[in-house]
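Shown next, in C-alpha cells, is the structure this report addresses.
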Amino acid sequence: MAEFRLPANSRVVKGVTYAAPPGTRALRTVRIYRFDPDSGANPRLDTFELDARSCGPMVLDVLIQIKATVDSSLTFRRSCREGICGSCAMNINGVNRLACTTATRDLAGEIRIYPLPALPVVKDLVADLTNFYAQYASVKPWLQTRTPVPPDRERLQSKEEQERIDRPAACILCACCSTACPSYWWNSERFLGPAALLAAYRWIIDSRDEASGERLDELEDPFRLYRCHTIMNCTDVCPKDLNPARAIAEIKKMLLERHS
Ligand code: SF4
Ligand code: SF4
Ligand code: FES
C-alpha cells in the first residue's frame, strides 16, 4: 500500500523557544519557520515571545526586531517596507501576504510565519523565485513593435487606452498569487501561473504593442494557460487588489474569439 508521508528530512520539527523579556506586559507569540540547507538539519519552527509594546505595528517590524535583538541569523527579504517592491511576501497565518503591509493587530492569537508555499526554500523565509521570474520573462514583458517610431513624438496612448493597462501594470511581482494557486503547485514547471499571465495580458491589451497575435499564439497551450481552473485564490490574495483571474479569463475569451 502506498505510504503518503513526507520524507523524514523534510518534516518540520519543534525548534528553539525564546522566552519573553522580563517585564513583558503585552505578550505576543510568533512562530517562524527556520531552515538552513547548509546545516543538514530538518526545518524547524522557532517560537519567539515578544513584548508587543517594543515592536513596530507591522509583521515586518516584528521580524526586524527579532533579527536585531534575538536571533541575527533569521533570514527574510525586504526592501521598501511600503508594499511597493514585493520582496517581503510570505505566508502569514495561512495566507500569502506582504509582511510590511500586514498589521499585527489584525492577526488574532499567535502569529505563524512561513515562506511562500510550494517553492524550494533558500533559507528561512526566503523562497527560491528562479522559476517564477523565468516564467515572467517568458511572456516577453516589454513593448514589441514593427512600425517605426513617429519622428516627432513618442508612441502615444489615449487616456482610455492607458487606463486599460493601469491596473495590470501595477503588479509588483510579489508571487503571492502564483504560490496560492493549487494548479500552480502541481504544474509549476508548465503552467505559467497568474502573475506571469497577468503580465502577458497587460501587454496583449496595450494599444501600442504590435505583437498581440504572437503573444496569444504562445499562450495557446494546454498547460501554459489552460491549467487555470478559475479557483480564484490568486485574486483573493493579491495585496495590490489586482485581478489575475479575470485577466486569465479575458485571455481565454480572446483565444476563443480568434477561432469563431
Ligand atoms: S483563478 Fe486560475 S490562476 Fe487563479 S488561483 Fe485559480 S487556477 Fe490559479
Ligand atoms: S498579481 Fe498581485 S499577487 Fe500576483 S504578483 Fe502581482 S501584485 Fe503580487
Ligand atoms: S518590503 Fe517592499 S513590499 Fe514589503
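All of the numbers you see were taken from the coordinates with simple rules; none came from a lab. Keep in mind the model is a prediction, meaning the values are calculated, not measured. With ideal geometry, Cβ positions are generated from the backbone for all residues, glycine too; neighbour counts draw on all protein chains shown.
Comparing Ala26, Ala247, Ala52 in a Gaussian network model of the chain, where Cα atoms under 10 Å apart are tied by springs, the biggest mean-square fluctuation is seen for Ala26.
Take the Cα of Asp36, step 7 Å toward its Cβ, do the same at Arg208, and the gap between the two points is 4.9 nm.
Rounded to 0.05, the FRET efficiency of the His229 and Thr130 pair, given R0 = 25 Å and the Cβ-Cβ distance, is 0.50. In terms of surrounding Cβ atoms within a 10 Å radius of their Cβ, Asp128, Asp46 rank from fewest to most as Asp128, Asp46. Per-residue extension of 0.36 nm, minus the Cα-Cα distance of Glu220 and Ser72, leaves a gain of 48.5 nm for this segment. What percent antiparallel are the DSSP beta bridges of the chain, to the nearest 5? Around 70 percent antiparallel, to the nearest 5. If the label point is 7 Å along Cα→Cβ of Thr145, which residues in segment 200-240 have backbone nitrogen under 11 Å from it? Answer for segment 200-240: 208-210. Packing-based ranking of 59-69, 250-260, 75-85 yields 59-69, 75-85, 250-260, ordered from highest to lowest mean Cβ neighbour count within 10 Å. Between the alpha-carbon centers of segment 107-184 and segment 200-260, tell me the distance in whole angstrom. Taking the Cα centre of segment 200-260 as reference, the centre of segment 107-184 is 13 Å away. Between Glu110 and Glu163, the FRET efficiency estimated from the beta carbon spacing at R0 = 30 angstrom works out to 0.10. For the chain, the mean residue ellipticity at 222 nm estimated from helices alone is -8500 deg cm²/dmol, where every DSSP H run of n ≥ 4 contributes -39500 (n - 2.57) and the total is divided by all residues, rounded to the nearest 500.
Using only the C-alpha atoms, the convex hull of segment 8-127 corresponds to 105 Å³ per residue. Springs between Cα atoms under 10 Å define the GNM used for the chain, and in it the highest mean-square fluctuation of Asp241, Asp71, Asp38 occurs at Asp38. Taking the Cβ of Pro21 as the center, what net charge do the other residues with Cβ under 10 Å away carry, scoring Lys and Arg +1 and Asp and Glu -1? So the surrounding residues net to -2. Placing unit charges on the Cβ atoms of the charged side chains and taking the dipole of segment 130-258 about its Cα centre, the candidate lying farthest along the positive direction among Ser183, Leu216, Asn131 is Ser183. Name all residues of segment 182-222 having a backbone nitrogen under 15 Å from the label point set 7 Å from the Cα of Arg153 along its Cα→Cβ direction, giving them as ranges. Taking a point 7 Å out along Cα→Cβ of Arg153, the residues of segment 182-222 whose backbone N falls under 15 Å are 208.
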